[in-house]
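Accompanying notes for the structure given below.
The values are calculated or read from the model by the stated rules, or taken from the named source; none is laboratory data. Please read these numbers as outputs of a predicted model, since none were measured by experiment. All Cβ positions, glycine included, derive from the backbone under ideal geometry; neighbour counts span all protein chains shown. For accessibility, only protein heavy atoms count, side chains too; no ligands or nucleic acids. Shrake-Rupley method; radii C 1.70, N 1.55, O 1.52, S 1.80 Å.
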Amino acid sequence: MELVCVGCYTSGAGNGNGIRTYWHDSGTLTPVAELAMSSPSWLTWHPTLPVLYAANESTDGEITVVVPDDPGSLISVASVPSGGADPCHLAVTPDGRHLLCSNYSSGSLAVFALDGAGMITDRTDLVTHHGSGPVADRQESRHVHLAVVLDAVVSAVDLCTDEMRSYTLAGDGSLAPLAVSAMPPGTGPRELVRRAGTDLAYVAGELASTLVVVREGPIGTFTPVTVVPATAGVFEGVNYPAHLEIVGDRLYLSNRGPDVITEFDISGEEPKAVADHPCGAFPRHFTVADERFLVAAQGEDAVVTFAVTGGEAVRTPTGTPTCVVFR
């Protein structure tokens, strides 16, 4: 069995209570414990230590540090201000020395130093984006949604300004501007994922309902190559692509509105949409493990589990899930 942690929106944003833990076995989730905290909308584990970080998405944003307790349960050991409002994404550098926090409503990217035990010692830098985009009700001001790191280069995705802004990350945790890469106007980039072994990466266009293929070179500079629809089928109404995962020569993209995970063949340079997998209402986030999807169906108050190859879905009730991660 494997431990699964699910972050949930809480009072004011949803009806969850914090982080819930489950044992996962062949698509079945067995509840174990719950750790109360304010809207842990994103969870990420330290790359080598048993330490979990939670982004508490609220106006007074915080980051909570969590460690395992009894088998399957968690305890909170520390919390620090996130440096801005509504933190929505966290990432730990591969060397485990720094934690990156994207503050959505403040449009800022914060860097925190981590000690040898994975604890946050201090904030080492904070950069704030500026600008707006053509979609008046969503791109009125900067909105940093995600940051990824490669070879000491941090690339922050800004949904509002239709840009990826890259920085060099020094050993002391400071950021220096490196490059600004523009996406097609109105894209609303939400997530960026690289394809290992290539110079290609993929961007979820939340506002344009698109998947953007970009070529990276040098590191941190991205040039759009092609743009394709975010789904295989044609759907009416809003779409709002959300989360991206790559497994082998397949890319999976969750689409809210049609409530599907779209499967793309990325064996060639242009992605080919091959299937839309029904996955529960408003799939904000998902993970793929053991040939199965585990989906945070935010609008259904459930984690939905089903095989990549299809078949019957299993729904496990939980209040307003936003993020699903394995230990």
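Annotations
- Residue satisfying condition, being open to solvent by 50 Å² or more (accessible area, probe 1.4 Å), touching a strand residue (DSSP E or B) at 6+ places or on another chain (Cβ under 6 Å) and not small (Gly, Ala, Ser), within set Val227, Val153, Val234: Val227
- Cβ-Cβ contacts under 7 Å between residues 6 or more apart (or on different chains), taken from a first residue in the range 43-70 that is farther than 23 Å from Phe286 by Cβ and of a type in the set (D, E, K, R) to a second residue that is open to solvent by less than 60 Å² (accessible area, probe 1.4 Å) and assigned to a loop (DSSP other than H, G, I, E, B), are listed as Glu62/Ser82.
- Selection status of Thr322, open to solvent by less than 30 Å² (accessible area, probe 1.4 Å) and modelled with pLDDT of 95 or more: yes
- Residues satisfying the stated conditions in the range 96-107, i.e. over 16 Å from the mean Cα position of the chain (by Cα) and either part of a strand (DSSP E or B) or free of Cβ contacts under 8 Å to residues at least 12 places away in the same chain (or both): His98
- Boolean, Gly220 is under 30 Å from Thr121 (Cβ atoms) and either part of a loop (DSSP other than H, G, I, E, B) or open to solvent by less than 50 Å² (accessible area, probe 1.4 Å) (or both): yes
- Filtering the range 200-209 for residues that are modelled with pLDDT under 95, over 30 Å from Ala113 (Cβ atoms), surrounded by 15 or more Cβ atoms within 10 Å (Cβ to Cβ) and not aromatic (Phe, Trp, Tyr) leaves an empty set.
- Number of the condition not met by Arg190 [criteria: (1) of a type in the set (Lys, Arg); (2) open to solvent by 50 Å² or more (accessible area, probe 1.4 Å); (3) within 30 Å of Thr48 (Cα to Cα)]: (2)
- Among residues of the range 300-319 that are touching a residue at least 40 places away in the same chain (Cβ under 8 Å) and within 13 Å of His277 (Cβ to Cβ), those with a beta-carbon under 6 Å from a residue that is among the hydrophobic types (A, V, I, L, M, F, W, C) and part of a strand (DSSP E or B) at least six positions away or on a different chain give the pairs Thr305/Leu294; Thr305/Val314; Phe306/Phe293.
- Residues that are touching a Cys at 6+ places or on another chain (Cβ under 7 Å) and either closer than 18 Å to Tyr240 by Cβ or touching a residue at least 60 places away in the same chain (Cβ under 8 Å) (or both), drawn from the range 141-171: His143, His145
- Per the conditions (1) closer than 15 Å to Val325 by Cα; (2) modelled with pLDDT under 95; (3) within 21 Å of the chain's Cα centre (by Cα), the sole criterion not satisfied by Ala13 is (1).
- Inspection of the range 306-316 identifies no residue that is over 30 Å from Glu34 (Cα atoms) and part of a strand (DSSP E or B).
- Of all the listed residues (Asp259, Asp276, Asp301), the sole one being in contact with a helix residue (DSSP H, G or I) (Cβ under 9 Å, 6 or more places away or on another chain), surrounded by 17 or more Cβ atoms within 10 Å (Cβ to Cβ) and charged (D, E, K, R) is Asp259.
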